[in-house]
1. Taking amide H positions as placed in the peptide plane 1.01 Å from N, state which residues far from A:V364 in sequence (5 or more) or on other chains have amide H under 5 Å from it.
2. Does a label point 7 Å from the Cα of B:D26, set along Cα-to-beta-carbon, have any residues of the stretch B:62-97 with amide nitrogen under 18 Å, and which are they?
3. Residue by residue through the stretch A:368-374, which ³J(HN,Hα) values in whole Hz follow from phi under the Karplus form 6.51 cos²θ - 1.76 cosθ + 1.60 (θ = phi - 60°), with glycine and proline marked x?
4. Exposure proxy check: A:T194, B:T57, B:T115 ranked by fewest other beta carbons within 10 Å?
5. Here are some pairs, A:K42/A:K276; A:K326/A:K366; B:K172/B:K255; A:K42/B:K231; A:K77/A:K175; which of them have Cα atoms lying more than 22 Å apart in this structure?
6. If eta is 0.890 mPa s and T is 25 °C, what Stokes-Einstein diffusion coefficient results for the stretch A:262-381, Kirkwood Rh from Cα pairs, in µm²/s?
7. At a temperature of 37 °C and a viscosity of 0.692 mPa s, determine how fast the stretch B:1-143 diffuses translationally according to Stokes-Einstein, using the Kirkwood radius over alpha-carbon pairs as Rh; express D in µm²/s, rounded to the nearest whole number.
8. Give the cross-link partners of B:K54 among the lysines, using a straight C-alpha distance below 24 Å as the criterion and excluding same-chain residues fewer than 8 apart.
Amino acid sequence: MEAVQSMVRIRSGNQMVAEGALRAGCKFFAGYPITPASGIYKLMIDMLPGRGGVALSAPDEISALAYCVGASLRGQKAMTATSGPGWALMIETVQYALMTETPVVIAMVQRLGPSTGGATQNAQGDVLLVEHCTSGGYTIPVFTPSTPIECYELTHIAFTWSELLRTPVVVMLDKEVGMTSEDIDYMTIHDLTTLSRQRSIQRDNGKNGAMDTYYFENPEDVPSFVPVGGQIKATVTGSAHNKAGKLQKNSPETLEVLYHLQKKIDAHANQMELVKRDLQDGARTLILSYGITARTAREAVRRIRNNNGKVSWLNVLSLFPVPANKIRASLHNIERIIIPEENFGGQYRSVLCNVFDKQEIVGVNKLGAMITPDEIIAKVV
Amino acid sequence: MNATAELDIQFKDLDVVYERPDTLTDARLHYCPGCGHGVVHRLLMEVVEELNIKDRTIGVAPVGCSVFAYNYLDIDMQEAAHGRASAAATGIKRVFPDKIVFSYQGDGDLAAIGTAETIHTANRGEKILVVFINNAIYGMTGGQMAPTTLDNMKTSTSPFGRNPDHVGHPLKITELLAMLPGTYYVTRVAVNSPRNVRIAKKALLKSFEYQMQGKGLCFVEVVSNCPSGWKMTPVESNKWLEENMLPMFPLGDIKVPSDE
């Protein structure tokens, strides 16, 4: 029999998020209708029950994410999908998931904001809202696909990191990436290894043989998971707590837990870095893109090179933690970094300005319409 | 002689017996053909005109299909965040007790994401009118299952029909609100037939009058249709409404004022 060389289908980004989640072993989904993320909700309702999972309709986004956290506290891989206004309601539970070290994946399909904004208009205006949603300024890992295949792969990867680090992880699309359908070849999807959180076995913390729900040796370590309703007694609270999961004000152990929540992510930041590089020798300009602007950037790069110009291109797939090493490794001889973003202030640019001070960082920003390749080309040295 | 002049002559001697109230703009409705929203918009504005309260009426629109209500209702309108219409109306009424304030909300907005606001607004007995359009589906986002979706009713997120074992029965929030002492007048009407339209108008008229008298919260549920979401013609949807929606959501007054 001949080996299958290609399997081309028409898929949207939203569809591939749902399929990527199933591939990662997602067994629980809760959703609330919101354009442009409703497609993920609909598909999970259609597909999950037949695969031994649970898909629930929630009365609002607050409940939707709280359902997911409940399922995850029991050990299931859980996901919800929303857009800016729904994210605003979810922030409470995102923080709760972070504090209680509960893995959960949120597919966040951006639309034009603020408030109800423009339901059917594209934007990349939620970058900082998503990243800076926690009191205390903890890092929320954010992955930004720009194609349906990347939607599939990055959703899978988001589940992996969510499980391994026991923290909420966001797959951030924008309306164009989520709702545009195109032909994709399933055979081009990379091999993906599905990983799950490490389960706890009965352990002694040296205190009368009792078990701590959040026991760790070093602050960088991720505590192994104790499911609620299991054989080991689990205590979970969103309040500041010690390793046993008991509310405490500011004991040294509680402060250690608070530092640990960030340190465990910092310790794995290098491994989380994901970029796609297309560097050119002699280029003095680097176009740095993410999400839908990657598609524009690709065309801009093609046109520049067709005109014998030189330009390098970096597509950031892991927006946060900032993939500083991989960006830095792409900056040889680069004098100018161009960052096209569909938001008015240059949100990711403002983040990178603090990291890279040797290069001139230039934004191409637009609201309510897609950035064109020519608008990027005009900024190239 | 051009066509317009010809029309002028034809209509010159005719009497106007029915026309668009001044309180409605002449914008073309964006609603799907056969949708009940247009009828309810008109009824509301007819009542506002008849009571001559156009200048003191403030409406709060929801998120959902009727998010564009301000395009059609020629009064001060504000669109609230999803589910928060009755809360926003509370704020307006508390600082402007002399104004006539109403919120206009669909089932997703009022009975799902805005349940807390709805119940507490009613419980406080805010002196406003809440118009609740119940068409048992999320129309704007593509026909998802709503809190009032009927048992076994198919929607895009209940492809095999609403399973009450899985997601519960339709939420009869109107009956629930009638139990609260804060509500003054609670009724359920429909706009699927001329007779029901007339009854609906009377209910809205009464509610505005009660508010002008400074009575408590009036709650008018309008059982409506969604031909697009239900995947029916407008005529079929009105028939389906009669046969399926009304047994679950029976028409009539649920709570009449105790002091009358």
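1. Residues meeting the criterion, in which the H sits 1.01 Å from N, are A:I339, A:E341.
2. B:71-75
3. Working through the residues one at a time gives x, 8, 6, 6, 9, x, 5 Hz.
4. Details: A:T194 12, B:T57 23, B:T115 18.
Sorted ascending by nearby Cβ count, the order is A:T194, B:T115, B:T57.
5. Working: A:K42/A:K276 31 Å; A:K326/A:K366 27 Å; B:K172/B:K255 14 Å; A:K42/B:K231 17 Å; A:K77/A:K175 25 Å.
Check vs 22 Å cut-off fails for A:K42/A:K276; A:K326/A:K366; A:K77/A:K175.
6. Working: Rh = 14.5 Å.
The Stokes-Einstein estimate is 170 µm²/s.
7. Details: Rh = 16.5 Å.
Rounded, D is 199 µm²/s.
8. Once the sequence-local lysines are set aside, what remains near B:K54 is B:K93, B:K99, B:K127, B:K201, B:K202, B:K206, B:K215.
All of the numbers you see were taken from the coordinates with simple rules; none came from a lab. Computed from a predicted model, the values in this text were never measured in an experiment. When we count neighbours, we look across all protein chains shown, and the Cβ atoms used for this are built from the backbone with ideal geometry, even at glycine.
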